[in-house]
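Below: the structure, in structure tokens.
Derivation of every value follows stated rules applied to the coordinates shown; laboratory data play no part. From a predicted model like this one, the values you see are computed outputs, not experimental measurements. When we count neighbours, we look across all protein chains shown, and the Cβ atoms used for this are built from the backbone with ideal geometry, even at glycine.
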Amino acid sequence: MNLLQRVPLLTFILLLALPSVPRAQQATSDDANTPPPGSTVITSDELHSDQANHVSVFTGNVMVVGTSFNLTCDEMKVLFGKDGKVDHIIASGNVVINQPGRVTHSGQVDYYREDDKFVLTDSPVIVDNKNQISAPKITIYRANQTMLTEGKPTKVILINGGIGASTPPAPLPDNK
């Protein structure tokens, strides 16, 4: 991969909200096979990067490994603005995102930088510990930690008091 192919990839890596990697920690030819701490590593069968059209496409057995998540999918398209920053990411085909205590399955996940939001479509299911939510479309706004589901049916299954609950909820008051 030449330097022109690496610049958009580094921008994509920084976008994933992981600790940024200072210049002094960037890989040299001696340690090119060992990523620095806090790095995100993307592997795939193929990468097609088109600088003129500001797009990179990872295909086949795509795996993104970060410090607090892993993502696998069949294809991941990264669209860049003229400024070299990521505008839109589309992960498609058997998308699975693993985070501590949470796993997300979806046919497609889109990330939009401008709104800092994720849109999950094609039968998305989020399992948080043992709780789960599913809907035809789930939108997650990262900045304010809100979620919106669209379409029927939206289904929420809460186990032992709900998402993030460590103890069962108090009983409901008796309405006599």
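Shape class for segment 24-123, computed from the alpha carbon gyration tensor (a ≥ b ≥ c): oblate, with a/c not under 1.5 and a/b at or below b/c. Rounded to the nearest 0.05, the FRET efficiency derived from the C-beta distance between V103 and A143 at R0 = 25 Å is 0.60. Working from Cα pairs under 8 Å separated by at least six residues, relative contact order for segment 40-79 is 39 percent.
Among the GluC sites (Glu not before Pro) in segment 38-142, those placed in a DSSP loop whose Cβ has at most 11 other Cβ atoms within 10 Å are E114. With only Lys, Arg, Asp and Glu charged, each at its Cβ (+1 for the first two, -1 for the last two), find how big the charge dipole of segment 75-130 is about the Cα centre; round to the nearest 20 debye. Value, rounded to 20: 160 debye. Here the extension length gained between D45 and N160 equals 37.2 nm, from 0.36 nm per residue of separation less the Cα-Cα distance.
For the residue pairs K82/K117; K85/K117; K77/K137; K117/K155; K77/K152; K82/K137, the C-alpha atoms sit more than 26 angstrom apart in K77/K152; K82/K137.
When only alpha carbons are used to place a centre, segment 73-88 and segment 112-163 end up 23 Å from one another.
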